[in-house]
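See below for the structure under consideration.
What follows is calculated from the coordinates using simple rules that are stated; it is not laboratory data. Fair warning: this is a prediction, and the values are worked out from it, not measured in the lab. Note that each Cβ is placed from the backbone with ideal geometry, even for glycine, and that neighbours are counted across all protein chains shown.
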Amino acid sequence: DELRGRSRKLPVVSGGGGQGVGRRGALRWARNPGSRVVFPPPFSGKRMHWASVHQQQPSRGWTDDARWPRAGGMRVGNLQWWPGYPCDQACGLWRSAIRFDTRGLAGKQIISASVKAVQSHTSGCGSYGLELWHVDSFTSGVSWNGMLGKWNTRLETQNIDSSNRSGGCTGTQPHGVTYDSSAVRSLVQQVANAGGTSVSFGFQSSDELAK
């Protein structure tokens, strides 16, 4: 009871009676079933919806994962024409959002939380700021106009190196990105406290004028 409501990192210890946990090996699985120490497994929210929205096509949304623009994954930033590489209808400013199922978190204490993404390509050779936002709930196929007013709070910014390996660039491809700030944990805790069924995040470029 004295440990109730507290969190500890406890090492796994082994003995004749099997494995247990403890600080300096002192605490083991109790033989009394009423005194068990329970460690729930990590929770990974299932993706419910995701969308890329385009400022230059503000009323249009997409749902087909097998076709452009969803086939290439989420799009973020200001894509412009480069000599020899016309971008046609892809030119302009993109933002993206993703929604996760959180029904398994209701009433839980959140010790840590993270949002992980993989950057597969960038158009330039330099590093770029990528922002993680808390956004209101949405469904796949939402448009740029449909997302207006849903961008609530910027949670964290990561400065990410290039993932371009063409045109003389030497970027890392793919490039993993992890957002695990206290703001992310606090948001997920709020959702758990409220018994919320989902949480939504958005991605923006830190400089939406940069090409």
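The residues packed around Leu132, meaning those with a beta-carbon under 13 Å from its beta-carbon, carry a net charge of +1 if Lys and Arg are +1 and Asp and Glu are -1. Other residues whose C-beta falls under 14 angstrom from the C-beta of Arg103 contribute a net charge of +3, scoring Lys and Arg +1 and Asp and Glu -1.
Give me the number: length gained by fully extending Asn159 to Ser198, i.e. 0.36 nm times residue separation minus the C-alpha to C-alpha distance, one decimal in nm. Numbers along the way, then the final one.
Working: separation 39, 0.36 × 39 = 14.04 nm, distance 2.72 nm.
Stretched fully, the Asn159-Ser198 segment lengthens by 11.3 nm.
Rounded to 0.05, the FRET efficiency of the Gln89 and Thr170 pair, given R0 = 22 Å and the Cβ-Cβ distance, is 0.15.
Distance between the pseudo-spin-label points of Arg60 and Thr178 (7 Å out from Cα toward the beta carbon): 3.8 nm. What you get for region 77-200, charging only the Cβ of Lys and Arg (+1) and of Asp and Glu (-1), is a dipole of about 260 debye around the Cα centre. In plain terms, the chain from Ser206 to Cys125 could stretch by 27.5 nm, reckoned as 0.36 nm per residue minus the Cα-Cα distance.
Placing pseudo-labels 7 Å out from each Cα toward the beta carbon at Val118 and Asn152 gives an inter-label distance of 2.9 nm.
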